[in-house]
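K.L.:
This is the structure, below, for whatever I ask next.
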Amino acid sequence: GENVGLHLPTLSVQEGDNSIINCAYSNSASDYFIWYKQESGKGPQFIIDIRSNMDKRQGQRVTVLLNKTVKHLSLQIAATQPGDSAVYFCAETRSNDYKLSFGAGTTVTVRA
Amino acid sequence: DAGITQSPRHKVTETGTPVTLRCHQTENHRYMYWYRQDPGHGLRLIHYSYGVKDTDKGEVSDGYSVSRSKTEDFLLTLESATSSQTSVYFCAISESRQEQYFGPGTRLTVT
């Protein structure tokens, strides 16, 4: 998992504000980038992915942005809620490869 | 957890003993994975399987072996446990490249 990393290990957010979680990657051959959420005591859970030929993809309250020029990936969470408190991992995979490489994770804490 | 279970959920063992962790799925997914999770390292792939009796190494495979004799079961064996193998172990399954479903994890302590 050394090809994918995160800029900040922790992020504290006020409830209701938007959250932005960043990730840098170094492998230009990656064709899928994915965000996972891990709540305390549980296994990671898929949130959203983006293919390398896209710049932006939106889900329910989440948006993933991909900037291939600077090899940067971000996850935006709108109107952050207490249930969003978790560790967020970015991951990448390469064409024809069924393995994921994970970054170290960002711990998001939502303040009431 | 998408029909995936791990056993045991917690285990304490002594250095030098063999340990086997079991992952069981009811989803009939082709791909199965074993990861370990340690502070500051995220999730690191130990071994994975792309079919019955088809397995391959991940980035941290030394000291571990796996077997998959049935689609639904993927076993991880620590041949001779060491303290450096104290970790939380996650099993995952998938049918697509980007979406893996993770089990609840096994906390292993090697004393």
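The values are calculated or read from the model by the stated rules, or taken from the named source; none is laboratory data. Remember, it's a predicted structure, so these values are computed and weren't measured experimentally. Note: ideal-geometry Cβ built from the backbone for every residue, glycine included; neighbour counts use all protein chains shown. Side chains included, ligands, DNA and RNA excluded: accessible areas come from the protein's heavy atoms. Shrake-Rupley method; radii C 1.70, N 1.55, O 1.52, S 1.80 Å.
K.L.:
It is to be established whether one or more residues within the range B:74-84 are within 24 Å of A:Asp49 (Cβ to Cβ), without any contact (Cβ under 8 Å) to a residue 60 or more places away in the chain and touching a strand residue (DSSP E or B) at 6+ places or on another chain (Cβ under 9 Å).
P.N.:
Keep residues of the range B:74-84 that are within 24 Å of A:Asp49 (Cβ to Cβ), which gives B:74.
Filter once more, so that each one left must be without any contact (Cβ under 8 Å) to a residue 60 or more places away in the chain: B:74.
From what's left, touching a strand residue (DSSP E or B) at 6+ places or on another chain (Cβ under 9 Å): B:74.
Yes, because at least one residue in the range B:74-84 is within 24 Å of A:Asp49 (Cβ to Cβ), without any contact (Cβ under 8 Å) to a residue 60 or more places away in the chain and touching a strand residue (DSSP E or B) at 6+ places or on another chain (Cβ under 9 Å).
K.L.:
Pairs needed: first member in the range B:20-48, facing another protein chain (nearest Cβ under 10 Å) and at positive phi; second member anywhere, assigned to a strand (DSSP E or B) and of a type in the set (Phe, Trp, Tyr); C-beta distance under 7 Å; at least 6 residues apart or different chains.
P.N.:
Once the first residue is facing another protein chain (nearest Cβ under 10 Å) and at positive phi and sits in the range B:20-48, its partners that are assigned to a strand (DSSP E or B) and of a type in the set (Phe, Trp, Tyr) give B:Gly42/A:Phe89; B:Gly42/A:Phe102.
K.L.:
A further question on this structure: Only one of B:Tyr33, B:Tyr64 is farther than 24 Å from A:Phe33 by Cα and either at pLDDT 95 or above or in contact with a helix residue (DSSP H, G or I) (Cβ under 8 Å, 6 or more places away or on another chain) (or both). Can you tell me which?
P.N.:
Every option except B:Tyr64 fails the conditions.
K.L.:
Take the residues in the range A:58-109 that are in a loop (DSSP other than H, G, I, E, B), free of Cβ contacts under 8 Å to residues at least 60 places away in the same chain and within 12 Å of chain B (Cβ to nearest Cβ); name whichever of them is surrounded by the fewest Cβ atoms within 10 Å (Cβ to Cβ).
P.N.:
A:Asn96
K.L.:
I've got another one for you. Given the conditions (1) at pLDDT 95 or above; (2) closer than 28 Å to B:Ser61 by Cα; (3) of a type in the set (Ser, Thr, Tyr), which single one is not true for A:Ser12?
P.N.:
(2) is the only condition that A:Ser12 fails.
K.L.:
To continue, here is another question. Looking at the range B:42-61, is at least one residue under 30 Å from A:Thr10 (Cβ atoms), in contact with a helix residue (DSSP H, G or I) (Cβ under 6 Å, 6 or more places away or on another chain) and surrounded by 15 or more Cβ atoms within 10 Å (Cβ to Cβ)?
P.N.:
Checked the range B:42-61: no residue is under 30 Å from A:Thr10 (Cβ atoms), in contact with a helix residue (DSSP H, G or I) (Cβ under 6 Å, 6 or more places away or on another chain) and surrounded by 15 or more Cβ atoms within 10 Å (Cβ to Cβ).
K.L.:
Let me ask another. Look through the range B:23-41, keep the residues that are open to solvent by 20 Å² or more (accessible area, probe 1.4 Å) and polar (S, T, N, Q), and return whichever of them is farthest from A:Asp97 (Cα to Cα).
P.N.:
Checking each candidate, the answer is B:Thr26.
K.L.:
Condition first: open to solvent by less than 60 Å² (accessible area, probe 1.4 Å) and part of a loop (DSSP other than H, G, I, E, B). Now tell me which residues in the range B:62-79 satisfy that.
P.N.:
B:Gly63, B:Thr71
K.L.:
Mind checking which residues of the range A:5-44 are facing another protein chain (nearest Cβ under 9 Å), in a loop (DSSP other than H, G, I, E, B) and closer than 14 Å to A:Leu100 by Cβ?
P.N.:
Hits for the range A:5-44 are A:Gly43, A:Pro44.
K.L.:
Restricting attention to the range A:24-60, report how many residues are of a type in the set (A, V, I, L, M, F, W, C) and closer than 30 Å to B:Thr5 by Cβ.
P.N.:
So the count comes out to 6.
K.L.:
Identify all residues within the range B:80-98 that are surrounded by fewer than 16 Cβ atoms within 10 Å (Cβ to Cβ) and of a type in the set (D, E, K, R); write none if there are none.
P.N.:
Matches in the range B:80-98: B:Glu95 only.
K.L.:
List the residue pairs whose Cβ atoms are under 6 Å apart, where the first residue sits in the range B:90-111 and is closer than 14 Å to B:Gly3 by Cα and more than 8 Å from chain A (Cβ to nearest Cβ), the second is at pLDDT 95 or above and assigned to a strand (DSSP E or B), and the two are 6 or more positions apart or on different chains.
P.N.:
B:Cys91/B:Gln6; B:Cys91/B:Cys23; B:Cys91/B:Trp34; B:Ile93/B:Ile4; B:Ile93/B:Gln25; B:Ile93/B:Met32; B:Ile93/B:Tyr101
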